[in-house]
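The structure appears below as C-alpha cells.
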Amino acid sequence: MPSERRPPLALTLAAAAGLVFLLAPIALIFLYAFSSEEKSFQWPPPGFTVKWIGVTLHRPDVWQALGLSLKVAAISTVVALVLGTLTAAAVSRSRFFGREAISLLVILPIALPGIITGISLRSAFALLDVPFSTWTIVLGHATFCIVIVYNNAVARFRRTSGALIDAAMDLGADGLQTFRMVILPNIATALLAGGMLAFALSFDEVIVTTFTAGNQTTLPIWMLEELVRPRQRPVTNVVAMAVVIVTILPILAAYYLTRDGAQTAGSDK
Amino acid sequence: MTDAVTFRGVSRHFGDVRAVDRVDLAIRDGEFFAMLGPSGSGKTTCLRLIAGFEQPTAGEIEIFGTSARGVPPYLRNVNTVFQNYALFPHMNVRDNVAFGLRVRGMGRRERHAAAEEALALVELSGFGARRAGELSGGQRQRVALARALINRPRVVLLDEPLGALDLKLREQMQEELRALQARLGLTFVLVTHDQDEALSLADRVAVFAEGRIRQLGTPAQIYRRPASRFVADFVGSSNVIPAEVAGIGAPGQWASLRPEDIRLDPAGQAARVTGRFFHGRVTKLTLELRGQRLSALIPAQQAAPEAGAEVRIAWSPEHLHLLEAEA
Amino acid sequence: MSTEAPAIFAPRPGLLPRLADRLLRRPRMFVFLMVLPITLWLGIVYVGALIALLIQSFFSIDEFSGMVVREFTLKTYGELLRPANLDILLRTVVMAGAVTLAAAVMAFPIAYFAARYARGIWKALFYVGVMLPLWSSYLVKVYAWKLVLAKEGILNWIFAKLHLTWALDAFLGLPVIGGNSLSVSYAGTFLVFLYIWLPYMIMPLQAALVRVPPGLIEAAADLGAHPGQSFRMIILPLALPGMVAGSIFTFSLTLGDYIVPQIIGNSRLFLGQAVYLQHGTAGNIPLAAAFTVVPIVVMGLYLWGARRMGAFDAL
C-alpha cells in the first residue's frame, strides 16, 4: 500500500530505532573479528589486527565442521527441492482426499518447537536402529526445509495458470515436454529462491542437529561448543563474521530473483 | 464425407454433477459450429472432451472417424484458442506461436519462418520478438489464434475467444474469424455464451442447457423457430406468452413472439405502456397485455408512447411460434 | 490442405514418454505418487515419532532402577505439576508471551514504514535490515548479544559514557527481571529472544500491510475518520492476521528454545532446557515427553485460533 505522503516523525524515528536494533549487533561482529583483545569482549577494542583470520584459516576443526555443514545443507536442499515441489504441485493442481492434511503436515515441523522435532526424530532413529551419520542429520534438516521450498513453489503454482499446461498439451507437448518447456521455466526462479533459503536454514540449524548428529560436528555445533566452553575467542569472532558473510549472499540473490514476483522468498521461513 | 467430430451418447459426470449428459452430435467437416449456452450448461466440457483434457464417463467420441478413447490431448490433431489465451509468459510471441512445431522436433530456423508466416496470417507481422505481456488484448487474441493454427489442425476449438475484448474489437475479430475460417476451410468449434456471437458467426448452432443439447440448427432456425421456452428465452430476449393470449394453440401451450414483431396498430388489442427506453435505432417499450408483460421494439423514426399511456398493439400470426412442451 | 494429416497421431516412441503418458492418463495415481514420499516421511516417520514420544509421557520411571515402566499412568503428568516444574512452565509461557507482545509493538512501525513509505535505497535498507538478522546464523546472533551484554561490553560502556550507570544498576536491582549483570538476568534473556525472533514478526506483518490498498485509508478519511481512527479501525484490523501469523513464530520459537537461556540468563531453567536435561542427562524420557506435550498443546490451541483469524493466508 505505497503512498506518496510523508511519514509522521514519530513513525520514522521508531522505524529507524528498530533498524539500529536489528543491525547494530551484526555490525559489532565485524568489529570484534579484528579486535586485538584475546581474553575478553572489551569495548572499545584496544587495537585492530588481521592476524586471527590467518589463525582461523589454519584450524582443521573449523574446516571439517564447515565441510560437513556444506555437505548436509547441499543434500538437504536437493531433497527439499524434490519433495517440496512434488507436494506443492499436487496440492495446488488437484483436489484430493487429505489435501488439507498434507498442507498442515508440511508446516508442522516449523510450527512445533525444534526441540520436539529433534527428540522425536532421535527416538525414531533409535527405534529403527539407524546409526547416526550424515544422513540422519540430512533427514532432520530436510524435514523442516521442505516447507520453505513448498511455500515458494505453491505461491508460484498459484500464479501459473493451469491453462498453460493445457495449452502446451493441446499444442502437442507430451508430459515430459510440458514439464521441461512450460512448467519448469515458470517455477524456476521460485525454486531457486526456495532452494537458497533452504540451504541457508540448513547451514545454520543447531537445535534439531544436536539430536540427530551423534558426535559429528557441524559448524553451528562447533559455534555452540565455543559459546558454552570458549577456547579461543578471536577464532570464534572470525568464524562468526565469515558465517554472516556467507548468509548475506544467498539472501541478496533470493531477493533479486523474487523481486518481480513480490512476497515469496523470506516471508515464510 | 466423414464428419469432423462425432459424439455418440457422450456423458461426463463430475461426482453427482452431470456436466454433459448423453449428448449425440455430429460436427461436419469444414463447418463453423457454435456451442451456445449459459455457464454450467456443459458446452465448455464438450470442448474439453474434444480437445482431450477430459475423458467421457460414457459414450464414444470420434474425430474424423477415429475413436478418441483414451487419446491424450497431445496426440489429437486438434488445437484450442483458450479463454484468456493462455500464452506462455516466459516466451516471446514467436516462440509461443512456434511451440507446436518445436515439440514436434522442427528445427529453429524452419519453425521461426513458419511462425512469421502464421503471424502474417493474423496481421501481426514483426511482433515476434515481443513478450506476451506487452501486447493488447486484441493482439494476444491473434497470437493465440496463430499458435493454434500453426500445427494445421483438423479441428480448431475456440473457448469464449472474444469474451475479454471490448465491443468494437469483438465485432472486428468476429469478422476476421469468419473470414479466416472460410479461407482455411477448417472445422471451427466455438464455445460462447453470447447469442449474437454464435448466431452471427456459425453455420450451425447447438444450444446447451444442463448438459444437454436443447436445439441444433442454423442460426435462422434457432432464432425464428426456437424449440422450447428455454431456447426462446436464451436466444434473444423473446416474449414467451400463453397460447390464450397469443391466440393460437391449445390452453397450456406457450408461444414465442419476437419484440421486433410487435407493432403499434389502432386495430389491435389494448395494452398499457409500463416503461420506455431509448436505444438509438429502436425504442424499447415494456407493455402489459391482459396481465402479461411483453417487450416491443419500435423503430426510432416512429413516435413512441410515453410510460403510462394506453396503446393498441398487434402482430402477424406468422410471427408467432408455438413452443414444444418443456422436457 | 488439411485432409492428408491424420486426426489422431500415433503414440510417441521411447520408454520415458510412454511412462509419463501412462501416469498422465491416471491423474489419481499421479497425485498419489507425488504425495507419497512426503506422506511416508512426514506422515508416517515424523508424525509416528511424535506420537511415540507422546505415548512415552504416559509411562513413568522407576525411581530406584531408573528404568522406564511401560504401563499407562498419569503419574508423570502429576510430576509436571510439582512447584519446581510448574515454575518452569509458567516462566517459559510468560517469557514467550512477553517476547511476542514486545515483538509486535516493535515490529509495527518498522513494517508499516517499510510497507507504506520506504522507497529506493530505503526500501533496500529495510530489506537488508530485516533479512540479514532473519537469516543470519542463530548462534552468531546469540554470540553478538554476548558481546553487547558483556560487563566490559558496549552497552555498559554507553551507559557509563552517558553517566547513566546508576540507572542500569537500579534496573538490575529490580526483583525478578534484574540480576548481577544484564547477561545473567531475565531482562538479558528477554532482549536476546526479542532480537532473534523480531524479524519473524516483521515479515508477515509487512506482507499484510503491503496488501492494504491506499484507497482504503483515503476512503476512511473521506468518510470522516481522522488518522488515529483510520489506524485503529482500518489498518490494525487488516494487519491483525499478519500479526497473528508472526506471533505463531515468536511464541513457538521462544517456547521451545533451550540455547538462549543457557548462554544468556541466570541458572533458572526454561522449558526447552528442562526437556533437554530430562531427555539427556537425567534420562527421564517420560518426563521429557510430558514437558513437550505442553508446547504442543499450547501451539495446537494457538494455531487453531490463528486459523480462525485467517492468519494462514498472511504467511
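Below, the figures for the structure above:
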{"item": "Span per principal axis, largest first, for the Cα atoms of region C:156-315 (Å)", "result": "62, 51, 22"}
{"item": "For chain C, the longest site-free run once trypsin sites (Lys or Arg not before Pro) in DSSP loop states with at most 15 other Cβ atoms within 10 Å are removed", "result": "C:152-267"}
{"item": "Where only C-alpha atoms are counted, convex hull volume of region B:108-217 per residue in Å³", "result": "125 Å³"}
{"item": "Helix-only CD estimate at 222 nm, as mean residue ellipticity for chain C, using -39500 (n - 2.57) per DSSP H run (n ≥ 4)", "result": "-21500 deg cm²/dmol"}
{"item": "Proximal charge balance of B:Gly291 [Cβ under 12 Å; K/R count +1, D/E count -1]", "result": "+1"}
{"item": "Relative contact order %, region A:43-258, counting alpha carbon pairs below 8 Å whose residues are six or more apart", "result": "34 percent"}
{"item": "Neighbour cut-off at most 10 other Cβ (10 Å), DSSP loop, chymotrypsin sites (Phe, Trp or Tyr not before Pro), region A:32-120", "result": "A:Phe97"}
{"item": "Residue mean of other protein chain beta carbons inside 10 Å, A:144-152", "result": "1"}
{"item": "12 Å beta-carbon shell around A:Pro220, net charge (K/R +1, D/E -1)", "result": "-3"}
{"item": "Coil-residue trypsin sites (Lys or Arg not before Pro) of region B:178-286, DSSP, other Cβ within 10 Å capped at 15", "result": "B:Arg281"}
{"item": "Three semi-axes of the equivalent ellipsoid, chain C, Cα gyration tensor, whole Å, largest first", "result": "44, 36, 20"}
{"item": "20 °C / 1.002 mPa s Stokes-Einstein diffusion coefficient of chain B, Kirkwood radius on C-alpha pairs, µm²/s", "result": "97 µm²/s"}
{"item": "Tail beyond 14 Å, pair distance distribution of region B:237-322 (Cα, percent)", "result": "61 percent"}
{"item": "Reduced Cα scattering model of region A:43-258, Debye log10 I(q)/I(0), q = 0.09, 0.13 Å⁻¹", "result": "-0.46, -0.84"}
{"item": "Spatially proximal aspartates and glutamates relative to C:Lys75 (Cα-Cα < 14 Å; intrachain offsets below 8 disregarded)", "result": "C:Asp62, C:Glu63"}
{"item": "Max mean-square fluctuation residue, GNM over chain B, Cα-Cα springs under 10 Å, options B:Gln172, B:Gln221, B:Gln302", "result": "B:Gln302"}
{"item": "Packing rank of C:153-160, B:74-81, where each peptide gets the mean count of other beta carbons within 10 Å, highest leading", "result": "B:74-81, C:153-160"}
{"item": "Candidates B:His279, B:His193, B:His13, ranked by Gaussian network fluctuation over chain B, Cα under 10 Å, top entry", "result": "B:His279"}
{"item": "Relative contact order [Cα under 8 Å, 6+ residues apart], chain C, whole percent", "result": "23 percent"}
{"item": "Diffusion coefficient, µm² s⁻¹, Stokes-Einstein with Kirkwood Rh over alpha-carbon pairs of region C:49-118 at 20 °C and 1.002 mPa s", "result": "136 µm²/s"}
{"item": "Spin-label model distance (nm) - B:Glu134 vs C:Glu71, 7 Å beyond Cα toward Cβ", "result": "8.1 nm"}
{"item": "Principal axis dimensions, largest first and in whole angstrom, of the protein assembly as shown by Cα", "result": "111, 70, 64"}
{"item": "Gyration tensor (Cα) of region C:140-218, equivalent ellipsoid semi-axes in angstrom", "result": "34, 15, 13"}
{"item": "Inter-part distance where region B:52-120 and region A:200-261 are each reduced to a Cα centre, Å", "result": "50 Å"}
{"item": "Region B:24-105 pair-distance distribution - Cα-Cα, 5 Å bins, rounded %", "result": "3, 11, 20, 22, 19, 14, 9, 2, 0"}
{"item": "Candidate lysines for bridging to A:Lys39, where Cα separation is under 30 Å - those fewer than 8 sequence places away on the same chain excluded", "result": "A:Lys51, C:Lys141, C:Lys146, C:Lys151, C:Lys161"}
{"item": "In nm, spacing of pseudo-spin labels at B:Met106 and A:Leu31 (7 Å Cα→C-beta vector)", "result": "6.7 nm"}
{"item": "Neighbour cut-off at most 12 other Cβ (10 Å), DSSP loop, trypsin sites (Lys or Arg not before Pro), region B:286-327", "result": "B:Arg290"}
{"item": "Approximate spin-label separation A:Phe179-A:Thr134, in nm, with each point projected 7 Å along Cα-to-Cβ", "result": "2.6 nm"}
{"item": "Enclosed volume per residue, in Å³, of the convex hull spanned by Cα atoms of region B:210-274", "result": "126 Å³"}
{"item": "Test item: A:10-16 mean partner chain Cβ contacts at 10 Å", "result": "5"}
{"item": "Proxy reagent accessibility, fewest Cβ within 10 Å first, across B:Asp16, A:Asp166", "result": "B:Asp16, A:Asp166"}
{"item": "222 nm mean residue ellipticity, helices alone, for chain B (DSSP H n ≥ 4; -39,500 (n - 2.57); rounded to 500)", "result": "-7500 deg cm²/dmol"}
{"item": "Percent of beta bridges antiparallel (DSSP, the protein assembly as shown, rounded to nearest 5)", "result": "75 percent"}
{"item": "Whole-Hz couplings from phi, Karplus 6.51/-1.76/1.60, listed for region B:22-38; x for Gly and Pro", "result": "6, 9, 10, 6, 9, 9, 7, 5, x, 9, 9, 10, 10, 10, 10, x, x"}
{"item": "Residues listed by number, region C:241-260, amide nitrogen under 20 Å from C:Leu90 label point at 7 Å toward C-beta", "result": "C:255-256"}
{"item": "Mean separation of Cα contacts under 8 Å, 6 or more apart, over the residue count of chain B: relative contact order %", "result": "17 percent"}
{"item": "Exercise: per-residue mean of other protein chain Cβ atoms within 10 Å, C:215-227", "result": "1"}
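Since every read-out is calculated from the coordinates, none of them should be taken as a lab result. In this text the structure is predicted, and so the values were computed from the model without any measurement. Every residue, glycine as well, gets a Cβ built from its backbone with ideal geometry; the counts of neighbours run over all protein chains shown.
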